[in-house]
Every structure is written in C-alpha cells, then in structure tokens.
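Asks: This is the structure, below, for whatever I ask next.
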Amino acid sequence: MTNTPPPQRFSYIALLALSIAIIASVIGVNAVQPAVFSPYFGAVSPVLAVLLICAIGFGALYVLNTRYHFKIYEPAALPRSLRIAAALAVPFMISVTIADLTLAFPEDINVPLPIALLFYPAMGYVAQTVFHILPLALLLPLVGFLFRSWSQNRHVWITIVLVTTLEAVYQAANAAASDPISPRAVFVIIHLFLFGLVELYIFRRYDFISMYAFRITYYAYWHVAWGHLRLQWIF
C-alpha cells in the first residue's frame, strides 16, 4: 500500500485560476466569432461544453494527484520544468514546419489572429483534458486491476502508452477523411503519438502546469506564429 500525499491546496487554487481563465477566453471568443467552435462542439454551447470539461478535468486531476502522485503545480521546480517543456517542444515545431512545407496541411486548420490568442490556450486545455487527463484517470484503475501484481509505476507507463494513441488516432482520422492513407496522415499519427508521449512524460516527471506549458509553447508557434505566416504570406 502506498502513502497518499495530502491534497495540495495551492495546487488546486492554481488549477481553479487556470480553469477560470480558460472559460473567460471561451466566453470572449464566443462573443466575437462563435463559428470557430462549431467543428469541435457542433450545436452545443462552447461555454457550457468547456465549463463541463474544466469541471471534469479538475476531478480527474484530483484523482491522479491523490491516488497516483501526479503533481498539479510545483512552484519550486517550475522555472526549470518550464524551460525543459519549451525545449522539448522545439523538435515538434521544426518537424511540423517541414511537414507543412512538403505535405501542405489544409489552410483552414488555423484560426486567424487576434482571436487565436484566446482560442488556442483554451482549446489546448480542452485537448489535454479530453485526450489525456480524463483517459488517464479512467484507464489507470482498470490497468491496475488487470495487472495487480505489477507496480503502480508500471501501471502508469502502460496507461500512458495507451492514452497517447487517442489524440493521434482522432487527428489522423480527420486527416484521412479528406486524403486517405496519405503521407500526411502517417506523419500526423507519428507526430501526435510522440507529442502525447512527451507531454505525459512531462506530467509524470514534473507537473500539469509544465505539461500545459509544453502544449501551449507548441501551439504558440504552430497555430499562432506560423499559422499567421501561412495564412497571410505563404499560401
């Protein structure tokens, strides 16, 4: 039996503050250009959808923190973990740029500035919660039950490998819908699988805030900076 760390009150305050910021961003974008949320939420109110996702994410992170020792926010380690998260995002920035120049991603994958500055931080949190945080919290007990004789750390890494396939398969299915069995679809699968693996490694090694920073660093380049260039000047 493992010792469960006491709840870290400040971590949950930080998570609540992040959730409020995410919801405020969605409210702002929805007031100006609600159509950008349609591919993700359909006819469902994006504000209500994200509010629910934030609540689910809060509960899932609580489970991961108290039962499996995933940290949410570690202030002492944060400067170093943020630098590492940013550095680990660079190879993904380079590879996706090369892929875009050679394989030509669709133009409509990028939301234009200035709403991109609010849209992508919010959708980054949504993607992390839906594809990584919630599946991790749901699958870990199942893996632990099926492999009871194994250590909890082994349970965690088996589950991480399973979870990393979810976003990759989802995005690849979207890419294959318009261009089946293409080099672009293959790139998306490999790229997002490795991206998810690194992201969950950061979560396990450091904390959720560093994990989120890794994705947002990547989004800031791929969807905002490079996205602006490809919409305005390149394509």
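Bear in mind these aren't lab numbers, they're just calculated from the coordinates by the rules spelled out. Quick caveat, the model's predicted, so the values are computed rather than measured. Note that we place each Cβ from the backbone using ideal geometry, even for glycine, and neighbour counts take in every protein chain shown.
Asks: Using Cα centres only, tell me the gap between region 44-75 and region 194-235 in whole Å.
Replies: Distance between centres, Cα-based: 19 Å.
Asks: Determine the shape class of region 102-200: with a ≥ b ≥ c the square roots of the Cα gyration tensor eigenvalues, call it rounded for a/c under 1.5, and otherwise prolate if a/b is greater than b/c, oblate otherwise.
Replies: Verdict is oblate for region 102-200.
Asks: Still on this structure, please answer the following. Once you compute Rg and the Kirkwood Rh from C-alpha atoms, what is the Rg to Rh ratio for region 137-176?
Replies: 1.15
Asks: Roughly speaking, what is the stretch gain from Trp157 to Leu78, that is 0.36 nm per residue apart minus the C-alpha to C-alpha distance, in nm to one decimal?
Replies: 26.2 nm
Asks: With the contact rule set at Cα under 8 Å and sequence spacing of 6 or more, what percent relative contact order holds for the chain?
Replies: 30 percent
Asks: Please compute the volume of the convex hull spanned by the alpha-carbon atoms of region 1-80 and report it per residue in Å³.
Replies: Dividing the Cα hull volume of region 1-80 by its residues yields 125 Å³.
Asks: Let me have the 222 nm mean residue ellipticity of the chain computed from DSSP H runs of 4+ only, each contributing -39500 (n - 2.57), with the sum over all residues rounded to the nearest 500.
Replies: Calculated at 222 nm, the ellipticity per residue is -24000 deg cm²/dmol.
Asks: State the answer as a single residue: which of Ala127, Ser182, Leu142 lies farthest towards the positive end of the charge dipole of the chain, with beta carbon charges of +1 for Lys and Arg and -1 for Asp and Glu, about the Cα centre.
Replies: Of the options given, the answer is Leu142.
Asks: Using the Cα centre of region 9-234 as the reference point, and only Cβ charges (+1 on K/R, -1 on D/E), how large is the resulting charge dipole? Debye, rounded to the nearest 20.
Replies: 780 debye
Asks: How would you order 45-52, 30-37 from highest to lowest mean count of nearby Cβ atoms within 10 Å?
Replies: In decreasing order of mean packing, 45-52, 30-37 become 45-52, 30-37.
Asks: Report the Stokes-Einstein translational diffusion coefficient (µm² s⁻¹, integer) for region 28-139, Rh taken as the Kirkwood radius over Cα pairs, at 37 °C with viscosity 0.692 mPa s.
Replies: Answer, rounded: 198 µm²/s.
Asks: Expressed as an acute angle from 0 to 90° and rounded to the nearest 10, what is the orientation of the C-alpha long axis of helix 152-178 relative to the principal long axis of the chain?
Replies: Tilt of helix 152-178: around 20 degrees.
Asks: Then there's this: Note the per residue figure in Å³ for the convex hull of the C-alpha positions in the chain.
Replies: 130 Å³
Asks: Let me ask something else about it. Using the Cα atoms as the points, what is the convex hull volume per residue of region 78-136 in Å³?
Replies: It comes to 134 Å³ per residue, whole-number rounded.
Asks: Oh, and also: Report the calculated FRET efficiency for Ala225 and Phe147 (r = Cβ-Cβ distance, R0 = 41 Å), to the nearest 0.05.
Replies: 0.45
Asks: Set the Förster radius R0 to 30 Å, insert the Cβ-Cβ distance between Ala43 and Ala99 as r into 1/(1 + (r/R0)^6), and round the FRET efficiency to 0.05.
Replies: 0.35
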